[in-house]
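The structure that follows is given in the form of structure tokens.
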Amino acid sequence: MTRVPGNDRPGICPPRSATQARRHAIRAVLAAALAMGCNVARAGAYDDFFQALKVDNTSQVAYLLERGFDVNSRDEKGQPALTVAMRDGTFKVAELLLAHPQLEVDAPNANRETALMMAALKGHTEWVQRLLDRGARLEKPGYTPLHYAATGPQPQTVKLLLDRGAQVDARSPNGSTPLMMAARYGNEASVDLLRERGADLRLRNELGLGAGDFARSAGRVRLADQLDLAAR
């Protein structure tokens, strides 16, 4: 409990003059207006940033970053800016983001996907290399970048990840392996590559499905038969 100088009653302020009251009210109004102005400016910068990212406008993105806009900001769907750039192929802006000292290269979205995983899925092999060199994690719990690369169109991306030490039989949350993903969704050359690197054809996921089952579910009957035969 505090005492105000000049007043014996604790916690009671001395009366203000009318002028002091007016000044206090004016300061409160100005503070509120300033706060609203900052919010408007922040909202405008947010919209400008993601619009510039969408069209690969490096000058606008550089302008905003130089003025303190958060390089790790997420779009309205929760996607980090770098992941959006990998998804949409806006690589000139991606250059700026990757060079920023405050970039969180492994920032995940709501599905725990990273920019590296998105680049791997899209088959952007050069960018997979650059993200790894920037410190992106090769392994993570659950789906890994190799799962995503195996699902995508580019065997060279699969090869790069394997060359960098990715676990060939990494397990997804339900036990699926990169080979299973490649058998259903990916390039058949990726299937061959994973097999060459020692992928275990006998593995099955929690539903009891193997790589041959994955291939068959996609109508790849010839591939399914080959995988089943090799798994015996």
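Net charge near residue 130, counting Lys/Arg +1 and Asp/Glu -1 over other residues with Cβ under 13 Å of its Cβ? Mind showing how you got there, number by number?
Working: positive: 134, 164; negative: 95, 126, 133.
With Lys, Arg at +1 and Asp, Glu at -1, the net is -1.
What whole-number distance in Å separates the alpha-carbon centres of the range 173-190 and the range 133-154?
12 Å
Let me ask something else. Which value, in debye to the nearest 20, gives the size of the charge dipole of the range 39-104 about its Cα centre, when Lys and Arg are +1 and Asp and Glu are -1 at the Cβ? If you can, show how the numbers build up before the last one.
Values: 7 positive and 10 negative charges, 11 e Å.
Computed charge dipole of the range 39-104: roughly 60 debye.
Straight-line reach from residue 159: which lysines have Cα under 24 Å away, leaving out those fewer than 8 places along the same chain?
122, 140
Mind listing which trypsin sites (Lys or Arg not before Pro) in the range 76-157 are in a DSSP loop and have 16 or fewer other Cβ atoms within 10 Å?
Working: sites: 77, 87, 92, 112, 122, 130, 134, 137; in loops: 77, 112, 134, 137.
Passing sites in the range 76-157 are 77, 112, 134, 137.
Throughout, read-outs are computed from the coordinates displayed, never taken from laboratory work. Just so you know, these numbers come straight off a predicted model, no measurement behind them. Here the Cβ is made from the backbone with ideal geometry for all residues, glycine too, and neighbour counts use every protein chain on show.
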